[in-house]
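Values in this text are rule-based calculations from the coordinates and carry no lab data. This one's a predicted model, so the numbers in the text were calculated from it and none came from an experiment.
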Amino acid sequence: MKSDDNTYIYPSRNKYVIRKTIYGKRTYYGTFETLQEARKYRDFLVDHAWNTKYIKKNYNINKYIKKHRKKYYISKRIDGKDVYFGTFETLQEAREYRDFLEEHDWNPEYRKISRYSQWNKNNLPKNIYYNNKQNTYSVRKVFNYEPITFGTYHTLEDAIHERDFWMSIDWDMDMLDLC
């Protein structure tokens, strides 16, 4: 079978489905975004004698990739925590890096550096960041992948005190009566 033919590949809702009848039963092997991806996987299936262990149940070509403000980021839940792996300009770049991460068992060493990580090189307490240029400490928490700064202080002790206050009210700004 040539990689450029469409045997066992069927268009469905702007995607491509791989299916084959085996012993009189129609078997679905997965849905793919592009014809090229479907052909590549179909060729893999042919090389593996259409083994049903390779059925992609609920296969999502963009798994672990999310879009935020015209960019794409990769995150995966590992040991009960969402782990950020990087932000990319294009969906294709994110897919390629996600595939690389899967091949390397999601090794945290391959995480891309966050633009905010340069602030916390000083082994500071959680949610406290040091700004070398301004010689200040910030209390910051990330909500929905956006950092929110709760205050900037000249001493680490003041920053820790403020951070402890926010933690005591579970970072809930609605609990403050600012009127």
5 angstrom amide H check on Phe88, placed H, neighbours 5+ away: Tyr72, Tyr73
For region 141-147, Karplus couplings with θ = phi - 60° (6.51, -1.76, 1.60), whole Hz, Gly/Pro x: 9, 9, 10, 6, 6, 10, x
Between 0 and 90°, nearest 10: helix 35-47 axis offset from the chain longest Cα axis: 60
Cα long-axis angle, helix 156-168 against the chain (0 to 90 degrees, to the nearest 10): 60
The chain: angle of helix 91-103 to the longest principal axis, Cα-based, in degrees nearest 10: 90
Computed [θ] at 222 nm, deg cm²/dmol, the chain (DSSP H ≥ 4; -39,500 (n - 2.57); rounded to nearest 500): -7000 deg cm²/dmol
Distant-in-sequence amide H partners of Thr136 (H built 1.01 Å from N, under 5 Å): Asn131
Under-5 Å amide H pairs with Gly151, H placed in peptide plane, nonlocal only: Val139
Listed values [x] 43, 35, 35; [y] 72, 34, 29; [z] 59, 33, 27, entry calculated as Cα extents along the principal axes in Å: [y]
In Hz, Karplus ³J(HN,Hα) per residue of region 17-31 (6.51, -1.76, 1.60; θ = phi - 60°; x = Gly, Pro): 10, 9, 8, 8, 8, 10, 6, x, 10, 6, 10, 9, 10, x, 10
